[in-house]
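Visitor: Structure provided below as structure tokens; questions to follow.
The values are calculated or read from the model by the stated rules, or taken from the named source; none is laboratory data. The structure presented is a predicted model; accordingly, all values stated were derived computationally and were not measured. Here the Cβ positions follow ideal geometry from the backbone for every residue, glycine too, while neighbour counts run over all protein chains shown.
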Amino acid sequence: MKAPRWSTSRNPDRISHGPALEQIAELLGFSLFEWQKIVADTALELDQYNNYAYRTVGCTVGRQNGKTTLLVFRIALELLKPNTVSIFTSQDRNAARGKFDEHIELLMSTPFRKRIKKHVRANGQEAVIMNNGAQYRIVTPNSTGARGLSVDLAVIDEALAHDMRLIAALQPTLATKESAQLWISSNAGGPYSTMLQHYRQLGHAESPALSWHEWAPYEDDFDIHDEKVWDEAIPTLGEKLGVRVEAVREAVQTTEPHIFAQEWLNVWPSLATETVIDAHKWAALARQDVTIGSFMVFGVDINPQRTRATIGAAGLNGPFCCLEIIENENRIGWVKDRILQLWEQWKMPFCIDSGAAASSLILELESEGVNVIPISMRQYGQACGSFYDAVESQTIAHMGDVRLQTAVEHATKRKLGEQWAWSRRSEEDITPLVAVSIARYALVSNLTVPTPRPAIH
């Protein structure tokens, strides 16, 4: 394994809990990758008061290199300390809950389970309680998710999805603990990843308050097909249980170059060339004083793999077309029932791209009496183009939803006849963007005349 491109240097005069973390990994049936040892040895250095020398730890590395397992080991280490509190969050609460369930399965499948007093999976009460009084919980990544807590360890996975508001919410929870730590983990972010970018800049400036570790190509000018570059950027390449060279060879041939560079090589995209929607313009459209209004159309989208689905909505309010994500899940079995619930409640139409995966719902929904607006491939291209134009003209308002933000951040173009449309080749979920794009198009193009929503009493 090659050295990271950027990394806080190990202070040889300090002892470290890195070896303890390695023992935890072995207890859980793992051997640390070399890159994980580098992070742990430095991040867990102790100062002269036997507290952690770094209160903030950040690491970025491409996908499938073991970021999540490193975080599990760090949480397990904290759980062995009596009466400590650890919290975990991710892109959103659903993602955090999914990771939490994975963590429980891992902990309960090893001798570590003997140390666990109980685990709770009830929604909103998820927790692991240890015999020694230590706790591990998940929190919603917003201003209220961790309010009132005093914690020893806060972990943010997939940190690219967040801005500095999450740090403002979490930092006070760590303020009263002498040896508290905040861990931030992700692969490379984009224009909206302001939190991750903030800590990355501190790391590159060698801030003494931060332990920062980043694997990426050594030079900014590189060839994505050069296997030497892969060796620099992918720390587990060729290691036992690490990333397989064959998988990288396949990915570089089947993935758009900038997506491959970001997801596999941990390279931040160029805003000037890769971003369709300007980050600052999109951020400026976030409003808390505008509601979706009295008329709306729902948009439904399912990705081609049928692993993600979104229901969004667009409504008119004065000069603005307001957007809202109603529901977004990493499965699709819920979609039809949720549509029927919304139809029963609002009697508002649902727009679906007749050439996309969600088109399989059209006949079923129509048989249930739902007002469905199918749009053609040509109309879908118009929906994408007019959405872009609306952002440029500042006639869109959104609520700052991180799921939509992430989709916008990763939106790229594909040719569609004489037009263009949102590309689905990104590894990120763009169904939120597609759903609100077609909902807005149906609304502003007068494809239907929605009836007013019933009054809410």
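Visitor: Which residues, taken from region 180-220, are touching a residue at least 12 places away in the same chain (Cβ under 8 Å), under 20 Å from Ala40 (Cα atoms) and among the polar types (S, T, N, Q)?
Guide: Gln181, Ser185, Ser186, Asn187, Ser211
Visitor: Filter region 121-148 down to residues that are surrounded by fewer than 13 Cβ atoms within 10 Å (Cβ to Cβ) and charged (D, E, K, R) and give me whichever is farthest from Ile87 (Cα to Cα).
Guide: Arg121
Visitor: Further question on the same structure: Restricting to region 167-196, name every residue that is of a type outside the set (Val, Ile, Thr) and within 13 Å of the chain's Cα centre (by Cα). First the steps, then the outcome.
Guide: Restricting attention to region 167-196, the residues satisfying the condition of being of a type outside the set (Val, Ile, Thr) are 168-172, 174-175, 177-183, 185-193, 195-196.
Ser185, Ser186, Asn187, Ala188, Gly189, Gly190, Tyr192, Ser193, Met195, Leu196 - these are the residues of region 167-196 that are of a type outside the set (Val, Ile, Thr) and within 13 Å of the chain's Cα centre (by Cα).
Visitor: Restricting attention to region 294-317, does a residue exist that is more than 25 Å from Ser423 (Cα to Cα), touching a residue at least 12 places away in the same chain (Cβ under 8 Å) and out of contact with any helix residue (DSSP H, G or I) (no Cβ under 8 Å at 6 or more places or on another chain)?
Guide: Yes, some residue in region 294-317 is more than 25 Å from Ser423 (Cα to Cα), touching a residue at least 12 places away in the same chain (Cβ under 8 Å) and out of contact with any helix residue (DSSP H, G or I) (no Cβ under 8 Å at 6 or more places or on another chain).
Visitor: With the structure loaded, tell me whether Pro257 is surrounded by fewer than 20 Cβ atoms within 10 Å (Cβ to Cβ) and under 20 Å from the mean Cα position of the chain (by Cα) or whether it fails that test. Outline the logic, then answer.
Guide: Numbers: surrounded by fewer than 20 Cβ atoms within 10 Å (Cβ to Cβ): yes; under 20 Å from the mean Cα position of the chain (by Cα): no.
No; evaluated as a whole, the condition is false for this residue.
Visitor: Of the residues Ile167, Ile156, which single one is touching a residue at least 60 places away in the same chain (Cβ under 8 Å) and crowded, with 19+ Cβ neighbours inside 10 Å?
Guide: Numbers: Ile167 fails: touching a residue at least 60 places away in the same chain (Cβ under 8 Å).
Only one candidate qualifies: Ile156.
Visitor: Here are some residues: Ala421, Ala407. Which one is within 26 Å of the chain's Cα centre (by Cα) and in a helix (DSSP H, G or I)?
Guide: After ruling out the rest, the residue left standing is Ala407.
Visitor: Moving on to the next point. Filter region 411-436 down to the residues that are at pLDDT 90 or above and hydroxyl-bearing (Ser, Thr, Tyr) and list them by number.
Guide: The answer is Thr431, and nothing else.
Visitor: Evaluate region 22-33: report whether one residue or more is in contact with a His (Cβ under 7 Å, 6 or more places away or on another chain), in a loop (DSSP other than H, G, I, E, B) and surrounded by 16 or more Cβ atoms within 10 Å (Cβ to Cβ).
Guide: Residues of region 22-33 in contact with a His (Cβ under 7 Å, 6 or more places away or on another chain): none.
Within region 22-33, none of the residues are in contact with a His (Cβ under 7 Å, 6 or more places away or on another chain), in a loop (DSSP other than H, G, I, E, B) and surrounded by 16 or more Cβ atoms within 10 Å (Cβ to Cβ).
Visitor: Here is a follow-up. Pairs only if they're at least six apart or on different chains, beta carbon under 7 angstrom, first in region 39-56 and over 14 Å from Asp13 (Cβ atoms) and not assigned by TED's automatic domain parsing to the domain that holds Ala20, second in a helix (DSSP H, G or I) and aromatic (Phe, Trp, Tyr); list them, first residue then second.
Guide: none
Visitor: Does region 271-279 contain at least one residue that is within 30 Å of Glu78 (Cβ to Cβ) and within 19 Å of the chain's Cα centre (by Cα)?
Guide: Within region 271-279, the subset within 30 Å of Glu78 (Cβ to Cβ) is none.
No, the conditions are met nowhere in region 271-279.
Visitor: Is it the case that some residue within region 168-188 is at positive phi, in a loop (DSSP other than H, G, I, E, B) and of a type in the set (D, E, K, R)?
Guide: no
Visitor: Shifting gears a bit: Of all residues in region 368-408, how many are loosely packed, with under 15 Cβ neighbours inside 10 Å, among the acidic types (Asp, Glu) and under 26 Å from Gly318 (Cα atoms)?
Guide: Counting residues in region 368-408 that are loosely packed, with under 15 Cβ neighbours inside 10 Å, among the acidic types (Asp, Glu) and under 26 Å from Gly318 (Cα atoms) gives 2.
Visitor: Give the residue, chosen from Gln201, Gln253, Gln262, that is in contact with a Pro (Cβ under 7 Å, 6 or more places away or on another chain) and part of a helix (DSSP H, G or I).
Guide: On the way: Gln201 fails: in contact with a Pro (Cβ under 7 Å, 6 or more places away or on another chain); Gln253 fails: in contact with a Pro (Cβ under 7 Å, 6 or more places away or on another chain).
Being in contact with a Pro (Cβ under 7 Å, 6 or more places away or on another chain) and part of a helix (DSSP H, G or I) holds for just one of Gln201, Gln253, Gln262, which is Gln262.
Visitor: Might you let me know whether region 269-277 holds any residue that is touching a residue at least 60 places away in the same chain (Cβ under 8 Å), in contact with a Ser or Thr (Cβ under 8 Å, 6 or more places away or on another chain) and among the charged types (D, E, K, R)? Outline the logic, then answer.
Guide: Residues of region 269-277 that are touching a residue at least 60 places away in the same chain (Cβ under 8 Å), as a first pass: 269, 271, 274-277.
Next, from what is left, pick out any that are in contact with a Ser or Thr (Cβ under 8 Å, 6 or more places away or on another chain): 269, 274, 276.
Keeping just the survivors that are among the charged types (D, E, K, R) gives 274.
Taking every residue of region 269-277 in turn, at least one turns out to be touching a residue at least 60 places away in the same chain (Cβ under 8 Å), in contact with a Ser or Thr (Cβ under 8 Å, 6 or more places away or on another chain) and among the charged types (D, E, K, R).
Visitor: Taking region 82-118 as the search range and keeping residues that are surrounded by 17 or more Cβ atoms within 10 Å (Cβ to Cβ) and assigned to a strand (DSSP E or B), which one is farthest from the chain's Cα centre (by Cα)?
Guide: Among those residues, the one meeting the criterion is Ile116.
Visitor: Also, I was wondering about something else. One residue is enough: does region 66-76 have a residue meeting the conditions of a type in the set (Gly, Ala, Ser), more than 18 Å from Gln135 (Cα to Cα) and buried (at least 24 other Cβ atoms within 10 Å of the Cβ)? Walk me through how you get there before you give the answer.
Guide: Filtering region 66-76 down to residues of a type in the set (Gly, Ala, Ser) leaves 66, 76.
Remaining after also requiring more than 18 Å from Gln135 (Cα to Cα): 66.
Still in the running and buried (at least 24 other Cβ atoms within 10 Å of the Cβ): none.
There is no residue in region 66-76 that is of a type in the set (Gly, Ala, Ser), more than 18 Å from Gln135 (Cα to Cα) and buried (at least 24 other Cβ atoms within 10 Å of the Cβ).
Visitor: Suppose we keep only residues that are among the charged types (D, E, K, R) and modelled with pLDDT of 90 or more within region 282-310. Which one would you say is surrounded by the most Cβ atoms within 10 Å (Cβ to Cβ)? Walk me through it before giving the result.
Guide: Within region 282-310, the subset among the charged types (D, E, K, R) is 287, 289, 301, 306, 308.
Restricting the remaining residues to those that are modelled with pLDDT of 90 or more gives 301, 306, 308.
Numbers: Asp301: 30, Arg306: 13, Arg308: 20.
Among residues in region 282-310 that are among the charged types (D, E, K, R) and modelled with pLDDT of 90 or more, the one surrounded by the most Cβ atoms within 10 Å (Cβ to Cβ) is Asp301.
Visitor: On to the next question. Of the residues Lys99, Lys177, Lys114, which is free of Cβ contacts under 8 Å to residues at least 24 places away in the same chain and assigned by TED's automatic domain parsing to the domain that holds His213?
Guide: Working: Lys99 fails: free of Cβ contacts under 8 Å to residues at least 24 places away in the same chain; Lys177 fails: free of Cβ contacts under 8 Å to residues at least 24 places away in the same chain.
Lys114 is the lone residue from the list that is free of Cβ contacts under 8 Å to residues at least 24 places away in the same chain and assigned by TED's automatic domain parsing to the domain that holds His213.
Conditions tested, residue by residue: (1) in the same structural domain as Glu239 (by TED's automatic domain parsing); (2) outside any helix (DSSP H, G or I); (3) in contact (Cβ under 8 Å) with a residue 40 or more places away in the chain.
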| position | (1), (2), (3) |
| --- | --- |
| Pro12 | yes, yes, no |
| Lys37 | yes, no, no |
| Leu71 | yes, no, yes |
| Arg74 | yes, no, yes |
| Leu77 | yes, no, yes |
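Visitor: So, in region 313-367, exactly how many residues are part of a helix (DSSP H, G or I) and basic (Lys, Arg)?
Guide: 2
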